[in-house]
Every structure is written in structure tokens, then in C-alpha cells.
2 protein chains.
Amino acid sequence: MTLVIDCHGHYTTAPAPHNDWRDAQKAAFKAGAAVPAYPQVSDDLIRETIESNQLRLVRERGADMTIFSPRASAMAHHVGDASVSLEWAQRCNDLIARVCTLYPETFIGVCQLPQSPTSDLAKSVRELERCVLELGFVGCNLNPDPGGGHFQHPPLTDAYWYPFYEKMVELDVPAMIHVSGSCNPCMHATGAYYIAADTIAFMQLIEGDLFRDFPTLRLIIPHGGGAAPYHWGRYRGLADMLKKPALDTHVMRNVYFDTCVYHQRGIDLLTDVIDHRNILFGSEMVGAVRGIDPETGHFFDDTKRYIDALDLSPEARHAIFEGNARRVFPRLDAKLRERGL
Amino acid sequence: MTLVIDCHGHYTTAPAPHNDWRDAQKAAFKAGAAVPAYPQVSDDLIRETIESNQLRLVRERGADMTIFSPRASAMAHHVGDASVSLEWAQRCNDLIARVCTLYPETFIGVCQLPQSPTSDLAKSVRELERCVLELGFVGCNLNPDPGGGHFQHPPLTDAYWYPFYEKMVELDVPAMIHVSGSCNPCMHATGAYYIAADTIAFMQLIEGDLFRDFPTLRLIIPHGGGAAPYHWGRYRGLADMLKKPALDTHVMRNVYFDTCVYHQRGIDLLTDVIDHRNILFGSEMVGAVRGIDPETGHFFDDTKRYIDALDLSPEARHAIFEGNARRVFPRLDAKLRERGL
């Protein structure tokens, strides 16, 4: 039996009081006023938002678990300052922890980080530690462009990020490289910014030698790796021009792509071009694209259907749905073992 | 018989005196000194750079013509000021015109524009007119991010660009949407910036209604349309969420992708997902990726091989190699007709 583990789910349907508090927090920052108290959010309200959305869809679509994180587009690291970002990240992560406590068989947490454009990563290191050691989270979402759409941060291979990678390695947790909402009017968040950032991140990893310094670091590039699999020849050729080793040893021992690609032909290419050991099932639910594809009659983001339609070996299928997630998220694997799975 | 027309070739091998003058021009700007005189560049030197590179490769690979423009990564619209950009664009375009005069059967010109980050497009309008009406060019490369890597320009659907589109429509020439070199250390030019910019441009077109205002405007998004074909489901779904018409009527009457995708599986996906009427043969020669693919023994950018390997109808093959280019570049079509082709 294979568990179907969705590595990429966001709490996009968080309870209204939580979102209202965020609005109040931003308004208070703007006004220079005190941050209002965080509201009561009842278990019932959390259950309602989860059971009518993510949990329903997980069940309807035949998945077993979701690796669950706060809404990516709302991380908005560019809003306010470092302390605004810290409190927002903590509130979001605490909320995820409550979901995971209410539904321990279905949801396991991945944290938002309190990044801020002009700050170092010290607060993020501490929040990662808190989420992993105290809340039982198994990974994090690392924003490569906390400025929100102008790509003014150093590449992911720069020493700026190293203290955070050190903590990731110590805790043995991976990061999904995931930007947040776009504050750039030329860049639509889910249609332009996400995919561009994924592609840029992958090329940064090719240009650098990050995994020489961190041989056990594991990074997930979401949305099917941005443009990378489609342009795989370009990336193999550029690695060669840059006198780097071939991609399979240079980056693909440490980099994984999810299956958030919303049509069959895209998934076909992904699974043809990329080794199945580097692919993690993901849907980005409930997320970027919510409609039904008129060409198939099914939801665009019902990505399990595309994988089910492939002619995969049992080994490859198991790897994509379960094995790779357990290998990339060892703390998830440990929890599943505790449950006898 | 089908002509094989490569819609995307750059003069990346321009003669050394031309490149040296550019260095001197930049140095003069920095020093506040007078720009040195443009050097003599002999026809023999031009022949040497073309015959040992582009012309040799065109012949070896079985193409007939290249729609030829200045080196994209060297346009560098962010360098100097508007007058630096203007003179550099004029010099580059004049050089392309000389290549086209020396080899009128093989090369036809597409111009670089004198864009500059803080300028409007008045100079670009005039240079387009000069290149088309005086030099016989058939199109242009329009840089959506003349700032060089931080995406600070308005989207392509913004009124900022309209005066230029009006001139394009009047002259009946298309534009390839093509950024230049990256001055952003987090973004490799050909591996990250180009592909990200292509993707961002496509999403801008989905978000807007540009072709309602310019129903005959034609834009080519190079490098296989960035990530768009791989994420076609995402883009179809986002158009739906944004309450736009389906992509085939909303943008694909006016938008074309080239075949600068450097592996067979990428070209397979491109031609499976995108209507053959929207695909133009292109190679980006001599360009981004110059090596030999160890998996095939052939050059990565020998894109004709990938298309030859497809099971295309004669009609689709003709469209991709010739018909679409003649339709998108009517001034090319007119010149070919003059030659009895």
C-alpha cells in the first residue's frame, strides 16, 4: 500500500478572525499604534474551514495526508518591519499547529518564516527551531525574495542564507523555496512571480556550489520546478558552459520538484525528464487555480489524476506519492513510523 | 518546398572593433568625455564573423534564412543614458543592415531599440521607423524590463507602451519580447532572466486586454514561451479565474512562441500543447547554449533536429518553418515574394 502524501498544501481558508487580526496588525503598524490582541479562534471554526475545504478535497481526491503550511501569498514579508513579520509568522504557525493537532492523521506542519527584507535570518532560525522542536513541524517555506517582487536579495547560494541552512541541516528538515505575494504591479503572484522565482532559484543553484558546502541540505522547488523541466536541455547545457558537474550530481541530489503542474502534458514532461526520485506529489490546494478545466471536467489542481494516468512502475509511483516525501522530510517519516505506517 | 526560416538569430559574433567601440562609449559616458568616433568595420571582417559562425551553422543545420538582430544580452538598456542607448542601438542596427546587404538571401533584419529606463518610447518609435523604412528591417526586439533585472517597468499592457504599439501596427511589424543582460546578481541572464521575463510577459498579457485595443498587434515570446506551455493548465485556469476569455481567443491570436527549447521532450510538449499556427522555428543561434548535448551528440541549440523528429502533418511543418514567419512578418513575406519565393 502506498500513502498519498501531498507535500504542498496551504491554509488558504484560514478563519476570518485570524485574517482580520492581520489587517488590524498592518493598520496598527501604519498608524504607529499598539498591535491589537490576537482574537479567540475556536476549534469549531478551524474544523469548519478545514472540513469543508482541504480535508474534504484530500478525501475526495484520494490523498491521505497534506504537508501543510500557512497561505504563501499572505506571508508578505515585505509588509511592516521585522517585528510585524515575526508576530505574523508565529500566529500563522500556531494556527497550523492547531490544525495538525485536530487532524494529526491528515495534516503535518511546515512553517512560515519571519523573514524581512532588511533583516538577517536570526529570527527565522529561532522560529524554525520553535516550530520543529515545540510544534512538531517537519519543514519550512523559505522565501528567496522577501522584498516581494524585485529580486533584490542575494542568490540562494550566498553566505547570507548559510546560518539558516545550518539550522535546517541540524534539525534535518527541508525547505520549500516559495515566494509570497507580489507587490510588483508587473508581476501576477501565482501566474508570473511564483513560476519566475522557481526558475530563478533553480538557476542560482546551478551557478553556485551550495551542496558542496551543505551535502545533506534538501530544497523543494515548487510548481513543478518552475520552467526548469521544460527547459531541461538549456539547464544541462548551461551547467556545462559554466563548467559545473552534470545536473544529476551537481544539484539533483538535493533538489526536488513537486507536481503542481495543472495539465496532463505538463506532468508527462515532468515525469519523463526528471528522475522519479526527485518528484514529490503536490497540489497547492486550495490555491492558485481553483476552477474546473473545461477540457477534462476536473479541477485543474486535482494533480493526482494526472499522475494516476501515467504509465509508471510501481516503484516510481510509490516514490512520487510517498517514498520521496518520507526521505525528504525525515521527521514526517518518523511520525508515520510511530503510527505503524 | 518549405523554406526553413529561423526567427531568432543574434549577431553574437559581431566584429571586435564594434564591441571595442561600445566599451569606449561606456567609458566615455562614465568619464563625462566625448564619445569616440565609430571605427571602420570592413566588409571582410563582417564576412569573416558571419561565414565562420551564423552562415556556416545555417547551412550545416539545413536552414535557409535567419531573422537577425543585434546581440540581445548586449543591448543593455540600463547602461548610460538615453543618448548612449540611442547611439548604441543605431550602431548595432546599422551593422545588422550591413550583414543583410552582404547576404540578402540569408539574413533579414530585426532592430534593437534605444530604450532607456527613465525614458518614454519616442526614440524607439523613431528608430523603428528608420530601421523598417530605411534599412528594410521587418521587426524589432522590445525589452519589457529595460532596467535590467528588477522588473520595475509597467506591464506590457500599460499605456506606457501604446505609442510604440501604434507605430508597430502602422508599419505592420511584430516585436519579439526580449530582455537584455541582467544587472541583477541573483539572476543569470540566459538561464534565469530570459525565461522569467518570458513567463512574466505572458502573464501580463493574460491579465490585460491589450489585443482588444490592438487587434493586429503581433508579439513573439521567445525561448519557447518561457514556462507558459509547460504550465498551460495554470494559464488556462488563471484566465478563467480572472474572467478573461479562453487563451486561444484572448491572447493566442496575437502571441507566438519560438522553438528555442533545447531538448526533444520540451519541443514535444510545445508542439503538443500549442497550436502549430502559434509556433515559429527559432534557434537563438549563436547564443545562449553553445555546447554539444552528451545525450544526443548534437548541439543543444540545433533545434531543427527536434522539429524534424516530430510526427507533424505537412501543413504543421510548413507553418512552423515558414508559413507562420511569413504571416507574422509580412514585410519578410513581401521580400520573399519579390524573390519569387
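On the protein heavy atoms, probe 1.4 angstrom, tell me the percent of accessible surface of segment A:29-118 carried by carbon and sulfur. Mind dumping the intermediate values first?
Details: 1900 of 3870 Å².
Here it works out to 49 percent.
How much length is gained on full extension from A:Ala16 to A:Asp43, taking 0.36 nm per residue of separation minus their Cα-Cα distance?
Working it through step by step, the gained length comes to 8.4 nm.
Amide H to amide H, which residues 5 or more places from A:Asp293 or on other chains are under 5 Å from it, using H placed in the peptide plane?
Close amide H contacts, sequence-distant or interchain: A:His298, A:Phe299, A:Phe300.
Please work out the C-alpha center-to-center distance from segment A:26-62 to segment A:242-267 and express it in whole Å.
What the calculation gives is 34 Å, centre to centre.
Counting heavy atoms of the protein chains only and a 1.4 Å probe, report the per residue accessible area for segment B:1-154 as a whole number of Å². Can you show the working numbers first?
Details: 5900 Å² over 154 residues.
In whole numbers, segment B:1-154 has 38 Å² accessible per residue.
Along the positive direction of the dipole of the protein assembly as shown (beta-carbon charges: Lys, Arg +1; Asp, Glu -1; about the Cα centre), which of B:Ala63, A:Cys131, A:Leu280 reaches farthest?
Sorting the options by dipole projection puts first A:Cys131.
Any idea of A:Trp161's accessible area? Nearest 10 Å², probe 1.4 Å.
Around 0 Å² of this residue is reachable by solvent.
Could you tell me which helices of chain B pass both thresholds, a Cα extent of 18 Å or more along their own axis and a mean Kyte-Doolittle hydropathy of at least -0.5, with helices taken as whole DSSP H runs? Walk me through the numbers on the way to the answer.
Numbers: long enough: B:16-31 (22 Å, -1.26); B:82-102 (30 Å, 0.40); B:194-207 (20 Å, 1.06).
Those that clear 18 Å and a mean of -0.5 are B:82-102, B:194-207.
Could you give the dipole magnitude of chain B about its Cα centre, charging the beta-carbon of Lys and Arg +1 and that of Asp and Glu -1, in debye to the nearest 20?
Working: 33 positive and 43 negative charges, 43 e Å.
Magnitude of the dipole: close to 200 debye.
Could you compute the FRET efficiency for B:Ala159 and B:Asp23, with r as their C-beta to C-beta distance and R0 at 35 Å, rounded to 0.05? Don't skip to the answer; put the middle values down first.
Working: r = 36 Å, r/R0 = 1.04.
Plugging the Cβ-Cβ distance into 1/(1 + (r/R0)^6) gives 0.45.
As a test of the definition: with a 1.4 Å probe, what buried accessible area, both sides summed, do you compute for A against B, in Å² to the nearest 100?
Values: alone 14420 and 14400 Å², together 24270 Å².
The contact between B and A buries close to 4600 Å².
Could you sort A:Ser52, B:Ser124 by their accessible area in this structure, using a 1.4 Å probe and putting the largest first?
Working: A:Ser52 60, B:Ser124 0 Å².
Output order, biggest surface exposure first: A:Ser52, B:Ser124.
Assigning unit charges at the beta carbon (Lys, Arg +1; Asp, Glu -1) and nothing else, what dipole magnitude in debye, to the nearest 20, does segment A:94-241 show about its Cα centre? All intermediate terms of the calculation are to be shown ahead of the outcome.
On the way: 9 positive and 16 negative charges, 56 e Å.
Dipole of segment A:94-241, to the nearest 20 debye: 280 debye.
Counting only residues 5 or more places away or on other chains, whose amide H sits under 5 Å from the amide H of B:Asp258 once H atoms are built in the peptide plane?
Correct list: B:Ile221, B:His223, B:Gly224, B:Gly225, B:Leu280.
Estimate the FRET efficiency between B:Ala31 and B:Cys183 by the formula 1/(1 + (r/R0)^6), using the beta-carbon distance for r and 30 Å for R0, to the nearest 0.05.
On the way: r = 20 Å, r/R0 = 0.66.
Taking R0 as 30 Å, the efficiency between B:Ala31 and B:Cys183 is 0.90.
Given a 1.4 angstrom probe, what's the average accessible area per residue across segment B:258-341, in square angstrom? Let's see the in-between values first.
Details: 3420 Å² over 84 residues.
Here the per-residue accessible area is 41 Å².
I need the calculated FRET efficiency for the pair B:Asn53 and A:Leu3, taking r as the beta carbon distance and R₀ as 51 Å, to the nearest 0.05.
Working: r = 55 Å, r/R0 = 1.07.
Plugging the Cβ-Cβ distance into 1/(1 + (r/R0)^6) gives 0.40.
Name the residues of segment A:251-269 whose accessible area falls by at least 30 Å² when all protein chains are present instead of the chain alone, probe 1.4 Å?
Going by heavy-atom accessible area, the residues of segment A:251-269 that drop by at least 30 Å² are A:Tyr262, A:His263, A:Arg265, A:Leu269.
At a probe size of 1.4 Å, how large is the accessible area of A:Glu207, to the nearest 10 Å²?
Result for A:Glu207: roughly 80 Å² accessible.
Does anything in segment A:225-255 have its amide N under 14 Å from the 7 Å Cα→Cβ label point of A:Asp272, and if so which residues?
Under 14 Å, as judged by backbone N against the label point of A:Asp272, lie A:229-233 of segment A:225-255.
Over segment A:170-274, with every protein chain in place, what whole percent of the accessible area is carbon and sulfur at 1.4 Å, could you tell me?
Details: 1270 of 2580 Å².
Within segment A:170-274, the accessible surface is 49 percent carbon and sulfur.
Could you tell me which of B:Gln264, B:Thr303, B:Met252 has its Cα farthest along the dipole of segment B:250-341 towards the positive end, charges placed at Cβ (Lys, Arg +1; Asp, Glu -1), taken about the Cα centre?
Most positive-ward Cα: B:Met252.
Taking amide H positions as placed in the peptide plane 1.01 Å from N, state which residues far from B:Asp6 in sequence (5 or more) or on other chains have amide H under 5 Å from it.
B:Asp64, B:Met65, B:Thr66, B:Ile67
By DSSP, what percent of the beta bridges with both residues in chain B are antiparallel, rounded to the nearest 5? Please list the in-between numbers first.
On the way: 1 of 23 bridges.
Here the antiparallel bridges make up roughly 5 percent for chain B.
Divide by every residue of chain B the summed helix terms, -39500 (n - 2.57) for each DSSP H run of at least 4, and state the resulting mean residue ellipticity at 222 nm, rounded to the nearest 500 deg cm²/dmol. Before the final figure, lay out each step's value.
Values: 16 runs with 142 residues, N = 341.
Only helices count here, giving -11500 deg cm²/dmol.
Cross-link list B:Lys26/B:Lys123; B:Lys123/B:Lys335; A:Lys167/A:Lys335; A:Lys244/B:Lys30; B:Lys26/B:Lys167; B:Lys30/B:Lys123: which exceed 25 angstrom alpha carbon to alpha carbon? Mind showing how you got there, number by number?
Details: B:Lys26/B:Lys123 19 Å; B:Lys123/B:Lys335 27 Å; A:Lys167/A:Lys335 21 Å; A:Lys244/B:Lys30 35 Å; B:Lys26/B:Lys167 30 Å; B:Lys30/B:Lys123 22 Å.
Correct reply: B:Lys123/B:Lys335; A:Lys244/B:Lys30; B:Lys26/B:Lys167.
The values are calculated or read from the model by the stated rules, or taken from the named source; none is laboratory data. What you are looking at is a predicted structure, and each value in this text was computed from that prediction instead of being measured. No Cβ is skipped: glycine too gets one built from the backbone with ideal geometry, and neighbour counts run over all protein chains shown. The accessibility values were calculated without ligands, DNA or RNA, using every heavy atom of the protein model including side chains. Shrake-Rupley method; radii C 1.70, N 1.55, O 1.52, S 1.80 Å.
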